[in-house]
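Take a look at the structure below.
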Amino acid sequence: MYKILKVSALTLLTMSIVSCSRETDSLTEQTSVKNARNSNIQERISLTKTEVLAESYRMSILNVGQSLVLKYGNVNLHLDLQTDSNLVLYASPINYWGPAPYPVKWASNTYLGNGVAQPLLIAQTDGNLVLYKAHPTVPGNAIWSTNTYSGTVSNPRFKLQIIKKTHAINGTRYYATFILEGNDSERHEIAVEDITNIY
């Protein structure tokens, strides 16, 4: 009689463990399904669609007094290497008659004064975009950089873009972007500035 009860107790314990395991599996599956649903809802809520509307030509060097320009729709973008050694991104409506040259959206803040230096901006094969106050292009003459060193980069260049971002909740916004490229891809966003009021 004792042996039969022992077997019955062991059988009951085994059935109980199997039952708990099945319940746990069922709860785990339900939780996974619930998490997947929540994740899908969050993805839908935070979904932002990004569209490149226009892109400037690409440059690897910008000398003092030169500009990288992009005009699209009502937007006039200028990345200017000024004689005061400041690298400045300006954005304005096409028919803008305000203060010269255009409203500032971003700057390197490297003002040295007019005529003090002969600055140049170089997209380097080491992955950095560097602003030098003058030749030679040695570390001692560097006054600003992106600090994006990555060893060796092929075809380093920079460009401007006008992009449109449509967010499920916040609606549509327009941005001016200043981008560093290399290895035939976009490597670093230097500046992303809202220009919705211009567009």
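Please treat every number below as a calculation from the coordinates, not as lab data. Bear in mind that the values here come from a model prediction, so they are computed numbers and not experimental data. Note that each Cβ is placed from the backbone with ideal geometry, even for glycine, and that neighbours are counted across all protein chains shown.
For the reader, a short list of remarks on this structure follows.
- Each of residue 94 and residue 67 was given a label point 7 Å from its Cα along the Cα-to-Cβ line. The distance between the two points is 1.6 nm.
- Packing here is the average count of other Cβ atoms within 10 Å per residue, and on that basis the peptides 149-159, 85-95, highest first, run 85-95, 149-159.
- At R0 = 35 Å, FRET efficiency that the Cβ-Cβ distance of residue 111 and residue 51 yields, to 0.05: 0.50
- Residues whose amide H falls under 5 Å from that of residue 66, counting only those 5 or more places apart or on a different chain, are 81, with hydrogens built in the peptide plane.
- Amide H partners (placed H, <5 Å) of residue 72, local residues excluded: 77
- For the range 49-194: rounded, prolate or oblate by the Cα gyration tensor [a/c cutoff 1.5]: oblate
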